[in-house]
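Student: Mind having a look at this structure? Questions to follow.
The values are calculated or read from the model by the stated rules, or taken from the named source; none is laboratory data. Here the structure is a predicted model, which means the values were calculated and not measured. Please note: Cβ atoms are built from the backbone with ideal geometry, for glycine as well, and neighbour counts cover all protein chains shown. Note: areas computed on protein heavy atoms with side chains; ligands, DNA, RNA excluded. Shrake-Rupley method; radii C 1.70, N 1.55, O 1.52, S 1.80 Å.
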Amino acid sequence: MCFRRVIAFILSLILSQVAHGQERHVAKVVGEHWGYLPTIAEERNLRVVEMVLIDDPTRKATPLNEIIFDEELSKEFRLRYEMQFGRTEVEQNLNAPNQYQTYEYATGVRVTPEEDVEKKQAYGDYMIRRLAEHHVDQYAKSSPNLRPVYELKERVSNVNLEVRKGYKVKLHYSLSGNYVDVKVDNPYEVATQITLQMNEESFGPTSVSETIVSVGYPVTKSISVGSYYTVNAGAFSLAGYKVLKDNLSTSITGSTHLADADKESKIIIGFTWSQ
């Protein structure tokens, strides 16, 4: 009888320990914060694996301005504008006529305010024609059916002649601007160009209305000089440029008229800042 009581007491102890362990396990599983440790003493043995979700990179769309005006085309527009309205931004601002008086372009052309508007409108028309020509060329170049037409146009519009080793003469005819550029490549980095301007309103070559001779040289990475002579108008200008910072530059421009000593000669010093 006594032996049975001992056995029953031992079984009750075992059962109570098992029940207490189950309560602790259930409390840990269904507790208020699953995964948290009851004490910080076990944190040193805890291994945490962090998963970082990375979104798919989005493709950056090319700005519309860069699609319409690429770097080469923008440079061409800038050079054509300087050729007509002034070699530096300071000279362009000085040459802009107001409603009371006339001004003289760097090419020696004197205009009234109305004529200035007409010339700037003509330049805008040239830009539209050139943009259309450029993008039609890009489409034809990428189209198997139209590529032969594009290659024929390029052969007619561009002629390269190597006169001697290191010297090459390049002729380019612009259909939209109706002018011919003659460039001379040389090993001395002297930029030499002759522009034969014809009637811009005509389709196809006409008689030459003006001849412009340009010679430039990069003295250093930040300093360059250029000289420009308009043959028919007899206007000559010499410009020096210096880059001070990425968005700040200075220039000095001197202009005179070789064909008419009575016309005004000018020296212009200016600073240009761009954002």
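Yes/no per residue for (1) free of Cβ contacts under 8 Å to residues at least 60 places away in the same chain; (2) surrounded by 15 or more Cβ atoms within 10 Å (Cβ to Cβ):
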{"position": "LYS165", "(1), (2)": "yes, no"}
{"position": "GLU189", "(1), (2)": "yes, no"}
{"position": "GLN197", "(1), (2)": "yes, yes"}
{"position": "GLU200", "(1), (2)": "no, yes"}
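Student: Another question, if that's okay. Among the residues of segment 213-266, what is the count of those that are open to solvent by less than 40 Å² (accessible area, probe 1.4 Å), among the β-branched types (Val, Ile, Thr) and within 25 Å of the chain's Cα centre (by Cα)?
Tutor: Total satisfying the criteria: 1.
Student: Can you name the residue in segment 118-144 that is more than 21 Å from the chain's Cα centre (by Cα) and acidic (Asp, Glu) and, of all such residues, is modelled with the lowest pLDDT?
Tutor: GLU118
Residue by residue, here is whether (1) in contact with a His (Cβ under 9 Å, 6 or more places away or on another chain); (2) farther than 21 Å from GLY234 by Cα; (3) not basic (Lys, Arg) holds:
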residue: LYS165; (1), (2), (3): no, yes, no
residue: HIS172; (1), (2), (3): no, yes, yes
residue: ASN178; (1), (2), (3): no, yes, yes
residue: VAL190; (1), (2), (3): no, yes, yes
residue: THR195; (1), (2), (3): no, no, yes
residue: MET198; (1), (2), (3): no, no, yes
residue: GLU201; (1), (2), (3): no, yes, yes
residue: THR206; (1), (2), (3): no, yes, yes
residue: SER209; (1), (2), (3): no, no, yes
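Student: Residue by residue through segment 187-214, note down the ones that are part of a strand (DSSP E or B) and farther than 24 Å from ARG110 by Cα.
Tutor: Those that are part of a strand (DSSP E or B) and farther than 24 Å from ARG110 by Cα: ALA191, THR192, GLN193.
Student: Residue under question is SER176, and the condition is that it be under 18 Å from LEU73 (Cβ atoms) and open to solvent by 60 Å² or more (accessible area, probe 1.4 Å); does it hold?
Tutor: Here the answer is no, as SER176 does not meet what is asked.
Student: Which one is nearest to GLN84 (Cα to Cα) among residues in segment 220-245 that are outside any strand (DSSP E or B) and in contact (Cβ under 8 Å) with a residue 24 or more places away in the chain?
Tutor: Top of the filtered list is ALA233.
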